[in-house]
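The values are calculated or read from the model by the stated rules, or taken from the named source; none is laboratory data. None of the values given here were measured: they were computed from a predicted structure. In this analysis, Cβ positions are derived from the backbone assuming ideal geometry, glycine residues included, and neighbour counts consider all displayed protein chains. Each accessible area value is taken on the protein alone, full model and side chains, heavy atoms only, with ligands, DNA and RNA left out. Shrake-Rupley method; radii C 1.70, N 1.55, O 1.52, S 1.80 Å.
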Amino acid sequence: MNREAKDFYKSLFKVVGPIALQNLISAAVSSVDVIMLGYVGQTAIAASSLAGQIIFILFMITVGLSSGLGMLCAQYWGKKDIDSIKTLTGIALRIAFTVGCVFGIAAFFVPQFLMRIFTDDPNLIQTGAVYLRAVSFSYIFISITQIFCATFKSVEKVRISTFLTFLALGLNVFLNGVFIFGLFGAPKLGIFGVGIATSVSRAIEVCVCLIYAARQKEIRLTMAVLFRRSRELTQDFFKYSLPALGNELVWGAAFSMYSVILGHLGEDIVAANSIVNVVRNLASILCFGMAYGGAIIIGKTIGAGQMDLAERNASRLARSTILAGVVGGIAMLCLFPIMPRLATLSETAARYRNVLLFINSYSIVGAAINTVLICGIFRAGGDSKFGFILDTICMWAVVVPSGLISAFVLKLPPLVVYFILFLDEFEKMPFVIVHYFKKGWLKNITR
């Protein structure tokens, strides 16, 4: 291994380590809710899983905004243009804060309407609505934290994001225990208590985030960035972030449609999918961390004008991330023996869970390949349109219609429907690989 490769991998793991740890903790936050709700009952698990699709969509929006922000900030970081980074952060924050408020208000005032989008089961609707009303406040806090953390990552200050996520996890676990089991004299609130725990932990998280940002010397950020204006940077932000946002929304909405389809196939398949998602999130941490962390390094290199080096590093990043995806898939299969211990399921749900674990184990490899290229390498070079167009066609013209037809027209068994839905990564993979080798993604997008 030559010196150039060593420098890249050293920088990569310096960034990826905290990001992967943050992803691990984030997955643990969701996993804790699922595992602890196992003490409440299968209905609570299924209801929280469907209700969680609301925050999943919000995350897709903030991730899309963060991706557009990150691809610009990383390149401006390569140019050491701090003023532009602050202005871009303010532009993204205004949009994210507005969206967070809209989601929070909807979850608080019309939770039953939102639940009916995902299921027609009265028990799941009622239980999920209770959870949504309690967790609604967290949506506003999350929208702020996500944007600040995106800026921190793009300027290689990744440890604070990890700390904030760890803080949220610790508080969430503690408060879940308090409200589920009635510790310290608190009432046993069940799924409502889980929502309250999430809102309180996210509120504390955003407070710590704002304090840290205001005390930074190199790049000091406060809520005052909301009022920064620049017509040129606003045009650039929308030019590069809107396709990324559209990509995340198209993908996220399609993935939520999967939940809509499964939600109408019965509680057993929904509960089984909730448990398997816990394992999948844990197994995919490293490969996704490498994809997003590597994008920061490549974007910085492009911003500094080192195009040949950026191309070579992109190749190294792709190989490393694919290997991490293979390892993640194998890890999922190795976790098979402990699956029954995560939650008590019905006999049918347990059978579904075992098959879903296998399907997700190979799906991770496809996800690793597509994520590192579309969300990592392409976006590092400012190419966010390709992924948007490809996901729109593959998911909404092929996969979602196929899932709807197989479930409601052909009325195929739930496991067959699930298998069809999770073929999406392999349908778009050939087009992604061809686009990578054309090298049209390699661009400097700074002014």
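Table for the structure above
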read-out	value
Count - residues of region 408-423 that are open to solvent by 50 Å² or more (accessible area, probe 1.4 Å) and in a helix (DSSP H, G or I)	4
Scan of region 207-220 for residues that are at pLDDT 85 or above, of a type in the set (A, V, I, L, M) and open to solvent by less than 40 Å² (accessible area, probe 1.4 Å), ordered by number	ALA213, ALA214
Conditions (1) of a type in the set (S, T, N, Q); (2) open to solvent by 40 Å² or more (accessible area, probe 1.4 Å); (3) farther than 19 Å from LEU421 by Cα; (4) part of a helix (DSSP H, G or I); number of the one not met by ASN354	(3)
Checklist (1) under 23 Å from the mean Cα position of the chain (by Cα); (2) closer than 29 Å to ALA304 by Cα; (3) crowded, with 24+ Cβ neighbours inside 10 Å applied to TRP77, failing item	(1)
Residue match in region 227-245 (condition: in a helix (DSSP H, G or I), within 21 Å of LEU421 (Cβ to Cβ) and charged (D, E, K, R))	no
Residue check, VAL250 modelled with pLDDT of 85 or more, touching a Phe, Trp or Tyr at 6+ places or on another chain (Cβ under 8 Å) and not charged (D, E, K, R)	yes
Filter result (assigned to a helix (DSSP H, G or I) and more than 19 Å from the chain's Cα centre (by Cα)) within region 102-113	VAL102, ILE105, ALA106, ALA107, PHE108, PHE109, PRO111, GLN112, PHE113
Selection count, region 231-247, where residues are without any contact (Cβ under 8 Å) to a residue 40 or more places away in the chain and under 19 Å from the mean Cα position of the chain (by Cα)	0
Answer from ILE369, ILE405, ILE433, ILE389 - the residue that is open to solvent by 40 Å² or more (accessible area, probe 1.4 Å), outside any loop (DSSP other than H, G, I, E, B), farther than 28 Å from LEU37 by Cβ and touching a residue at least 60 places away in the same chain (Cβ under 8 Å)	ILE433
Exclusive hit being in contact (Cβ under 8 Å) with a residue 60 or more places away in the chain, more than 29 Å from LEU114 (Cβ to Cβ), in a helix (DSSP H, G or I) and aliphatic (A, V, I, L, M), set ILE261, ILE297, ILE322	ILE297
Where a residue in region 119-145 is in contact (Cβ under 8 Å) with a residue 24 or more places away in the chain and its partner, wherever it lies, is surrounded by fewer than 22 Cβ atoms within 10 Å (Cβ to Cβ) and not in a helix (DSSP H, G or I), with Cβ under 7 Å and at least six apart	THR119/HIS264; ASP120/HIS264
Index of the failed condition, VAL178 passing every other in (1) farther than 20 Å from GLY52 by Cα; (2) among the hydrophobic types (A, V, I, L, M, F, W, C); (3) at pLDDT below 90	(3)
Check on LEU65, open to solvent by 20 Å² or more (accessible area, probe 1.4 Å), among the aliphatic types (A, V, I, L, M) and out of contact with any His (no Cβ under 7 Å at 6 or more places or on another chain)	no
Region 171-206, subset assigned to a helix (DSSP H, G or I), touching a helix residue (DSSP H, G or I) at 6+ places or on another chain (Cβ under 9 Å) and free of Cβ contacts under 8 Å to residues at least 24 places away in the same chain, residue farthest from ILE19 (Cα to Cα)	PHE184
Single residue of region 436-447 satisfying the filter (open to solvent by 60 Å² or more (accessible area, probe 1.4 Å) and in contact (Cβ under 8 Å) with a residue 40 or more places away in the chain) that is nearest to ILE322 (Cα to Cα)	LYS439
Boolean, ASP268 is open to solvent by 10 Å² or more (accessible area, probe 1.4 Å), without any contact (Cβ under 8 Å) to a residue 12 or more places away in the chain and assigned to a helix (DSSP H, G or I)	no
Residue within region 334-355 that is touching a Phe, Trp or Tyr at 6+ places or on another chain (Cβ under 7 Å) and modelled with pLDDT of 90 or more present	no
Residue list for region 160-207, restricted to those being touching a Gly at 6+ places or on another chain (Cβ under 9 Å) and among the basic types (Lys, Arg)	LYS188
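Here's the yes/no breakdown for (1) among the polar types (S, T, N, Q); (2) open to solvent by 20 Å² or more (accessible area, probe 1.4 Å):
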{"position": "ALA129", "(1), (2)": "no, no"}
{"position": "PHE152", "(1), (2)": "no, no"}
{"position": "THR165", "(1), (2)": "yes, no"}
{"position": "PHE184", "(1), (2)": "no, yes"}
